[in-house]
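What follows is a single structure, written as structure tokens, with notes after it.
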Amino acid sequence: MPKLLSGAPVVQTLSRLVAWDTVSHRPVTELAGFLAERAERAGMRVERFETSPGKVNVVATAGPASEDGLLLSGHMDVVPVEGQAWTSDPFTLTRREDRLIARGACDMKGFIAAALEAIDRVPVQRLRRELTLVWTHDEEIGCHGSRALVEQLRREQPDRRLPRAAIIGEPTDFRICRLHPGHTTFEIDCLGRPAHSSRPSLGLNAIRIAADVIDIIDEFSLHLASRPAHAELLPTPFTVLNVGRIHGGAAVNIVPERCTLTVGMRPLPGSTAGPLLAELDDRLAPLRAKAQAQGGDVRLRLLQSSEPLDTPAACGHIHQLLPFANDRAVTGAPFATDGGNLALLGLEPVVFGPGSIDVAHRPDEHLREADLLRTVDFVEGLIHARCCAEQAAERYL
Ligand SMILES: [Zn+2]
């Protein structure tokens, strides 16, 4: 049992949540078990969707099935703390002035704690429309949990319709974000032919091929930057490519046989990774043909992809969030979330939550206590508006 921080019940709940070291790649079973137990205790039906040993997504439901209800979602994993200068134990919630400090306090166990507290305040047995909670694993390393959940639901429950109004409680400082880019990771393997470095004409230098690939990626980036969209909502309003890692060569006296580039791409809302990768692959074709003619090759391989988000501005739940928002302007988030994948189920996710993305992933990550308390009120208010009110919520303005 972790040392609980004194204060409101939601602060104590957050103390418990951050005490589980759920850095991505580690098992999430115990935290998932706790969240399932809390939902069951509140009278919700709980399903556990296991992706692999130690990796589970939790879905909890209450009220009659209805697409007009409300879905709340958050990820259970957090980013690592190694190499960061924390001034207190990252897995013990610590109060300093009005700040609650711990890994995950802001991104995004604070929202999960607030949702649990809000559910304890509403009449779960008497909801008029469905309330669903979706707690995912491994969001921070590419939204793997939500992708697996979407695939599993489509396969095993093809007729299931979840509430379309979905809130992804990532830290947006209470700003409403209805769209964001996706994130795709791929590798390009450049294959050459090894030779003694004193006889370069007998080999084909894979690092040299990789340099040409980087030039082609740069040209493609310039082309994409010339096609901006959503400039009023996104700080970088075009699809971004980043050559993030390079690995090649074996020794200084060997013509390198292999060089691999790992590339990240952030497709704009409204686009998908597939056609963009096909376009890049077309641009690589002449270089590939030249390499193949000399016994080498250039191969592009998709590693993972999470979808961009593009929820219509006219959704009823966006209107219902306005009283709780810091800013009436609806905007976009620069980072990817589970919302992109969940939209594949026909949902209309909106990213909206407490805390600032500027302190997330950093040492002494924190959430203001007042913002945590405010989140309980906002979640409770939204559940009342969408799941309890007699009138079915208007779908569109
Ligand atoms: Zn997050």
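The values are calculated or read from the model by the stated rules, or taken from the named source; none is laboratory data. For clarity, every value in this text was computed on a predicted model and none was experimentally measured. Ideal geometry is used to build each Cβ from the backbone, glycine not excepted, and the neighbour counts take in all protein chains shown.
Of the helices (runs of 4 or more DSSP H) contained entirely in the stretch 292-397, those carrying at least 2 residues that are of a type in the set (Asp, Glu) and in contact with a Lys or Arg (Cβ under 8 Å, 6 or more places away or on another chain) fall at 369-383.
Each residue in the stretch 189-211 was checked for being assigned to a helix (DSSP H, G or I) and small (Gly, Ala, Ser), and 4 pass. The residues on offer are Leu4, Leu100, Leu17, and the sole one that is touching a strand residue (DSSP E or B) at 6+ places or on another chain (Cβ under 9 Å) and among the aliphatic types (A, V, I, L, M) is Leu100. A Cβ distance below 7 Å, combined with a sequence gap of six or more or placement on separate chains, defines the contacts here; from the stretch 192-210, residues that are within 15 Å of Ala251 (Cβ to Cβ) reach residues that are assigned to a helix (DSSP H, G or I) in the pairs Gly192/Ala206; Gly192/Ile209; Ala195/Leu202. Among the residues here, Gly340 does not qualify as under 12 Å from Ile176 (Cβ atoms), buried (at least 22 other Cβ atoms within 10 Å of the Cβ), touching a Gly at 6+ places or on another chain (Cβ under 9 Å) and modelled with pLDDT of 95 or more. If the requirement is being at pLDDT below 95 and either over 13 Å from Thr185 (Cα atoms) or not assigned by TED's automatic domain parsing to the domain that holds Asp138 (or both), which of these qualifies: Thr311, Thr239, Thr260, Thr272? Every option except Thr272 fails the conditions.
For every residue, the table says whether it meets (1) part of a helix (DSSP H, G or I); (2) touching a Gly at 6+ places or on another chain (Cβ under 8 Å); (3) buried (at least 16 other Cβ atoms within 10 Å of the Cβ).
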position: Ile217; (1), (2), (3): yes, no, yes
position: Pro228; (1), (2), (3): no, no, no
position: Ala231; (1), (2), (3): no, no, no
position: Pro237; (1), (2), (3): no, no, yes
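The stretch 61-132 holds strands (runs of 3 or more DSSP E) entirely within its bounds, and those carrying 1 or more residues that are within 16 Å of the ligand (Cβ to nearest atom) and in contact with a Phe, Trp or Tyr (Cβ under 9 Å, 6 or more places away or on another chain) map to 70-75. Out of all the residues in the stretch 146-161, which are more than 12 Å from the ligand (Cβ to nearest atom) and either surrounded by 23 or more Cβ atoms within 10 Å (Cβ to Cβ) or of a type in the set (Ser, Thr, Tyr) (or both)? The answer is Arg147, Leu149. For Trp135, the criteria (1) assigned to a loop (DSSP other than H, G, I, E, B); (2) within 15 Å of the ligand (Cβ to nearest atom); (3) hydrophobic (A, V, I, L, M, F, W, C) hold in every case but one, which is (1).
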